[in-house]
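Let me begin by presenting the structure, written as structure tokens, before commenting on it.
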Number of protein chains: 2
Amino acid sequence: MAQEILRKEETLAMRKKLIGQSCRLFYSEDPVKIIRARGQYLFDENGKQYLDCISNVQHVGHCHPTITKAAAAQMDLLNTNSRFLHDNIVLYADRLAATLPKKLCVFYFVNSGSEANDLALRLARQYTRHEDVIVLDHAYHGHLMSLIDISPYKFRKLAGQKECAPLPDTYRGIYREDHPNPGQAYADTVKDVIEDVHKKGRKISAFFAESLPSVGGQIILPQGYFSKVAEYVRSAGGVFVADEVQTGFGRVGHHFWAFQLQGDDFCPDIVTMGKPMGNGHPLACVATTAEIAGAFTANKVEYFNTFGGNPVSCAIGLAVLDVIEEEDLRGNAVRVGAHLKDLLTKLKTRHELIGDVRGVGLFVGLELVTDREKTPATEAFPFYIRLKEEDRIVISTDGPWENVLKFKPPMCFSMENAELVVECIDRILSVHFHSLKTSKVCQTCRKHFNCIRQSQVVTFIFRGRDTEICT
Amino acid sequence: MAQEILRKEETLAMRKKLIGQSCRLFYSEDPVKIIRARGQYLFDENGKQYLDCISNVQHVGHCHPTITKAAAAQMDLLNTNSRFLHDNIVLYADRLAATLPKKLCVFYFVNSGSEANDLALRLARQYTRHEDVIVLDHAYHGHLMSLIDISPYKFRKLAGQKECAPLPDTYRGIYREDHPNPGQAYADTVKDVIEDVHKKGRKISAFFAESLPSVGGQIILPQGYFSKVAEYVRSAGGVFVADEVQTGFGRVGHHFWAFQLQGDDFCPDIVTMGKPMGNGHPLACVATTAEIAGAFTANKVEYFNTFGGNPVSCAIGLAVLDVIEEEDLRGNAVRVGAHLKDLLTKLKTRHELIGDVRGVGLFVGLELVTDREKTPATEAFPFYIRLKEEDRIVISTDGPWENVLKFKPPMCFSMENAELVVECIDRILSVHFHSLKTSKVCQTCRKHFNCIRQSQVVTFIFRGRDTEICT
């Protein structure tokens, strides 16, 4: 495969014509064409290098040679479906089991986090014989029909109606840092939802939560929250599903799974995993208990996933686990993540625009506000565009107000990378966004906006979609 | 990756412990461990060779070096998500577009046929703003929650309740070969379903059908059926979805897509594709019209599929298309498929057990019956086990009564392979199943069965699950 076959304009023109426009491009006003990548670096068609702060899928680094070698070797040997006996699927399940509490000992291999969450939902409903699902506000669990229903991040826009508990965000949620026990307080909101459901004569099949809510704004959950929620949910006959699609495989550093941040006394009933699992290869999984798996088997209906758990997927999965260990990527996540957080926290003392710095390992969020009342620095926030344009740093925003810069880089992200990003953020804040105390109203678009540089003409690019010229 | 790491008993023991038992093994009483494959041949841990008649996923042959090479080269270069511009996705979409009617010009890349069908359902519902789906009886469209609902093959067992039209099976369906116009007659059954739906005050979003129903029993649809159904469905404001997950990419030989067997005047509104697309790599796609894609874009909700359309998947997809062309695999499907059908048809004249031989290209079914009243030779049919045990031929059964031997081999299946399989079927029919005119009742299990060899003790293995000793 040649590195570039079409000129960028041609690629873009064909893309617009041939690919559904619901599939959006990063920086849609000026998309980036990436033709090569290595480690934490992306290279465009002119050989320009970008530092990648967001590719959590390419977990052990882009195009890691160990992964490519394992994939090619297995592709050359065998790639049947899992109806034939093969060593890879069982060896891989065994390796995954070793990372999880003993209770989570049965595995189903699938092709995407969405397929994993869909199956988790089936398992929960089959086991509990209940229907209703409780999710966290702003959650995202996948693109399938069953999951849009349980993803407020999406269904808000699509008129879905599942039960929603408040996002346990101790920075701007209903209970904050100053609350004596936010874990308990937020868990009690789930209890309230359960009671509401029961009042309607319905029953809870599952509580679904990302172990660290990501599109919700890189949220670190308060201690004790999951244990208490699990207690309430199980009392109601439901199961606890931890969605580790974004957060698993050591991203949080000290722990292999982010749910383990909630303490050793907590164990989910179902764990779903995906994105980083195959370093880009479509590979995902559901882990559950023998009881839940047994109930699913008891319905006598075969679960067959054509590609799930094939020898190539599992060879790649095994290689990813090897590299995480061999290169001590969890250790790296601990060290670099702490350094990044530390540098950002120092930056916070000098820039009022920084409202909060939070994170664990290489899962870090920087929440931007316009004032000490925590007004989100939102909509008109061209920050991540500037980082791309001026510094060739690829980063993105998330959270309900799109005001959280999120870091979830490949796990080989270095100390120097962290320092560079923080330097660039510092410079952009200093040069372009030093005067943010007053809000202004754009005379052209009549939109209220809070983030404007001092010069009179500004091009706003929000989520790469809209351009508004304000004078 | 070593070819074998565990002894077969260990692999099996670990599999039982670690992998959900809903994920079934072929020949579960005596599963086969396959460690290597090439072309149309599988090899077990002792180096024994099996002829593969069923791996339609490994479309251009197991472990084709061109595919492995393309995958490894692209894995070494780049494997980001499709939010970055890349040539592969647009070049691949362009190549696919060239195989389809002009109207089908917008593509969404996903990871499995199930994801494709789920998205097709979303597209149909978004475009039509209607809800109800009509499917064919015995259809299977995938393992996701949304698809079990529209898969009678599965939902029968799980108490689903979607609208079902009769399977247009001219061998044993409600209208048969002797009907003057079965295409029209079966299409009218869909019209009846539409009217029923309307009577309930509901509306049709889509008619979903495999272009050649596979688990329904390798059914070849009567001419004119799809055109007429499309007319009725569109009149009701619905769209026509052709599920080509099993049948696309030239399996039927003369045509690239099986829906094209229904004539040039027929074009679906949505086509889903999967299994053979990546020769084992998780790759699938939805193709649709600009109008339907436009309606989906208009909801302003991003469709993001993490792995869908990544550069590696598309490189593999492109390589598969190349090999189909370079090795004239469609020509091979025409020639070998015709030879196979011809040989099986000759066999039919000598074995009353053969009720019907049908197929097109390398999609062939052999329907087994116990008498000229077409009583399905079902349940106790150890035929495919014998083919494995005695001849090392891997084949399976399908259809509502599990009495259809199905052929859907890798497309490099040879004339000699076809001759060998037919010889073996001939021998098994002659030696073991020569006397089938009387039905008997098993004295042990009290089951009625129709297929028994003359000796007094028979071990029955049905779908590799149950063993019943009958005397």
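The values are calculated or read from the model by the stated rules, or taken from the named source; none is laboratory data. Fair warning: this is a prediction, and the values are worked out from it, not measured in the lab. Cβ atoms come from the backbone with ideal geometry, glycine included; neighbour counts cover every protein chain shown. With ligands, DNA and RNA removed, areas are computed over all heavy atoms of the protein, side chains included. Shrake-Rupley method; radii C 1.70, N 1.55, O 1.52, S 1.80 Å.
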Here the relative contact order (percent) of chain A, from C-alpha pairs under 8 Å and at least 6 apart, is 19 percent
Taking the chain alone as reference and the full protein assembly as comparison, with a 1.4 Å probe on protein heavy atoms only, the residues of segment B:302-319 that lose at least 30 Å² of accessible area are B:302, B:303, B:304, B:306, B:307
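What's the long-distance tail for segment B:65-326, i.e. % of Cα pairs beyond 33 Å? Walk me through the numbers on the way to the answer.
Working: 6397 of 34191 pairs.
In whole percent, the long-distance tail amounts to 19.
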If ligands, DNA and RNA are left out, what is the accessible area of residue A:16 with a 1.4 Å probe, given in Å² to the nearest 10? 130 Å²
Distances in nm between the label point of residue B:423 (7 Å along Cα→Cβ) and its equivalents in the other copies, shortest first, are 7.4
Any chance you could check segment A:260-295 for residues losing 30 Å² or more of accessible area when the partner protein chains are in, compared with the chain on its own (1.4 Å probe)? A:275, A:280, A:281, A:282
Antiparallel %, DSSP beta bridges [both residues in chain B], to 5: 70 percent
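Could you sort B:255, A:59, B:64 by accessible area so the largest value comes first, with the probe set to 1.4 Å? Don't jump to the answer; show the numbers that get you there.
Working: B:255 60, A:59 0, B:64 25 Å².
Solvent-accessible surface, decreasing: B:255, B:64, A:59.
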Determine the percent antiparallel among the DSSP beta bridges restricted to segment A:65-326, to the nearest 5. 35 percent
Enter the mean projected area of the convex hull around the alpha-carbon atoms of chain B, in nm², rounded to one decimal. 23.3 nm²
In what sequence, largest accessible area first, do B:265, B:87, A:328 appear using a 1.4 Å probe? B:265, A:328, B:87
Can you list, shortest first and in nm, the gaps between the label point of residue A:73 and those of its counterparts in the other copies, using a point 7 Å from Cα in the C-beta direction? 2.3
Share of accessible surface on carbon and sulfur in the protein assembly as shown, whole %, 1.4 Å probe and ligands ignored, is 50 percent
Sorted by chain and then number, the residues having a modelled amide H within less than 5 Å of the amide H of residue B:131, at least 5 places away or on another chain, are B:203, B:205
At 7 Å out from Cα toward Cβ: residue A:174 inter-copy label distances (nm, ascending): 5.4
Please report the buried accessible area for the interface of B with A, total over both chains, probe 1.4 Å, in Å² to the nearest 100. 9400 Å²
With every protein chain in place, the accessible area of residue B:401 for a 1.4 Å probe, in Å² rounded to the nearest 10, comes to 110 Å²
Residue among A:241, A:136, B:98 farthest towards the positive dipole end of the protein assembly as shown, charges placed on Cβ: A:136
Return a single number: how many Lys pairs in segment A:65-326, at a sequence separation of 8 or more or on separate chains, have alpha-carbon atoms below 25 angstrom apart. 29
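Can you give the accessible area per residue of segment B:201-327, in Å², using a 1.4 Å probe?
Values: 2940 Å² over 127 residues.
For segment B:201-327, the solvent-accessible area averages 23 Å² per residue.
Counting Lys and Arg as +1 and Asp and Glu as -1, each charge on the Cβ, what is the dipole of the protein assembly as shown about the Cα centre in debye, to the nearest 20?
1040 debye
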Could you sort B:297, A:288 by their accessible area in this structure, using a 1.4 Å probe and putting the largest first? B:297, A:288
Any idea what the alpha-carbon Rg over 2.2 N^0.38 Å comes to for the protein assembly as shown? 0.96
